[in-house]
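First up is the structure itself, then whatever we jot down about it.
The values are calculated or read from the model by the stated rules, or taken from the named source; none is laboratory data. This one's a predicted model, so the numbers in the text were calculated from it and none came from an experiment. Here Cβ is always computed from backbone atoms with ideal geometry, including for glycine, and neighbour counts include all displayed protein chains.
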Amino acid sequence: MSSPTPELPLVVLDALMPTAQRLVLNRRGSTVWDVESHRGRYAVKLGYPVAATAEWPAQPWTALAPAREGAVLHRLGSEEIAYGEWEHGTWNIQPWQEGPDLYRLWEPCRAGSSVTPHASVALGCVEALVELHAKGWAHGDVQPAHFIVGPERTHLIDLALARGGHVPAGYDFPFRGCLVHYEAPEIARSVLTTGEAEPTQAADIYALGASLLISATGWRAVEYPDDAPRPVQRQAIVDGRRRPVIVPGELGGLIEAMLSTAPEERPTIYDVGQTLS
């Protein structure tokens with residue numbers, strides 16, 4: 001099917017009665033809105049299936065992702081969460097988190113200036129992941145864009161792929177990997193072998209290390225051509241084509257440990273937090 005015209009469905013309009021709305025993201029299978037209403041400010045996510053193309057297979061799971069995330073957030077005890085179905089897929093409503101993401105915040109570090117990545121920012125990301133891991137969940141899609149550095153704390157967003165508790169069967173789907181730049185070797189190997197994988201907290205640690213590295217330096221943790229197909233990218237990760245970690249100070253050594261090939265050799269999120277603090 002073709003992508004629907006990006007507009008909020010009536011069920012969401014009735015729930016929020018927006019006073020202002022802004023389309024933030026419109027990509028394959030998903031639109032995200034910044035919506036203001038008399039009740040407050042919210043992020044609204046709409047999902048719809050993606051048809052197959054010459055470059056990409058069909059992606060039916062994208063239609064379910066917003067409702068799955070809503071169910072995960074509800075299980076985690078988040079307030080002001082709503083989710084449901086619309087004509088083309090599912091939707092969710094959640095509080096808007098204000099602030100730059102990690103990659104944007106550390107842009108000066110990548111600009112060749114004397115600015116170095118601050119450990120306190122990294123610690124804020126760790127604290128957000130600690131909160132999730134302490135509840136027995138793995139995020140499954142840790143990346144710089146999913147750490148929103150707010151004025152009081154850092155928020156970890158986009159939990160549609162998280163694993164750790166019950167999700168309604170009608171909204172669930174297999175985990176088939178995430179953005180390859182941040183996939184741990186064991187995740188990439190499983191996806192190459194079986195087409196699926198199981199998110200783990202150890203894989204989240206690898207992804208956090210890769211996120212800190214690319215945000216601070218602009219370099220991916222693993223070297224492969226920018227235009228390489230995903231199987232080629234994943235094979236490079238499995239083969240261990242790691243770039244050296246060139247980040248000054250204690251943070252560099254910590255990232256190196258987080259990017260260890262073997263999951264059992266990586267520090268836990270609690271170890272990382274203790275080192276940074």
Filtering segment 95-115 down to residues that are free of Cβ contacts under 8 Å to residues at least 40 places away in the same chain and polar (S, T, N, Q), which residue is surrounded by the fewest Cβ atoms within 10 Å (Cβ to Cβ)? Ser114
Selection from segment 47-61 of residues part of a loop (DSSP other than H, G, I, E, B) and surrounded by 13 or more Cβ atoms within 10 Å (Cβ to Cβ) yields Tyr48, Pro49, Ala51
With respect to Val44, determine if the residue is part of a strand (DSSP E or B), more than 17 Å from the chain's Cα centre (by Cα) and not charged (D, E, K, R). no
Condition test on Glu69, is it under 23 Å from Glu152 (Cα atoms), among the charged types (D, E, K, R) and assigned by TED's automatic domain parsing to the domain that holds Asp14? no
Within segment 32-47, tally of residues that are touching a Phe, Trp or Tyr at 6+ places or on another chain (Cβ under 8 Å) and within 17 Å of Ala67 (Cα to Cα): 6
Anything in segment 26-41 that is surrounded by 12 or more Cβ atoms within 10 Å (Cβ to Cβ) and in a strand (DSSP E or B)? List them, or say none. Asn26, Ser30, Thr31, Val32, Trp33, Asp34, Val35, Glu36, Ser37, Arg41
Any residue at all in segment 239-246 that is at pLDDT 95 or above and in contact with a Leu (Cβ under 7 Å, 6 or more places away or on another chain)? no
Would you say Ala65 is modelled with pLDDT under 95 and either crowded, with 20+ Cβ neighbours inside 10 Å or over 20 Å from the mean Cα position of the chain (by Cα) (or both)? no
Within segment 62-81, can you find the residues that are in contact with a helix residue (DSSP H, G or I) (Cβ under 6 Å, 6 or more places away or on another chain) and part of a loop (DSSP other than H, G, I, E, B)? Leu64, Ile81
Restricting attention to segment 116-137, which residues are buried (at least 20 other Cβ atoms within 10 Å of the Cβ) and within 20 Å of Thr200 (Cα to Cα)? Cys125, Val126, Ala128, Leu129, Leu132, Trp137
Qualifying positions in segment 89-121 - more than 18 Å from the chain's Cα centre (by Cα) and within 22 Å of Arg41 (Cα to Cα): Thr90
Members of segment 237-277 found to be of a type in the set (A, V, I, L, M, F, W, C), in a helix (DSSP H, G or I) and either under 22 Å from Ala134 (Cβ atoms) or out of contact with any Pro (no Cβ under 9 Å at 6 or more places or on another chain) (or both), listed by number: Leu254, Ile255, Ala257, Met258, Ile269, Val272, Leu276
Go through segment 213-236 and count every residue that is assigned to a loop (DSSP other than H, G, I, E, B), charged (D, E, K, R) and more than 17 Å from Val142 (Cα to Cα). 3
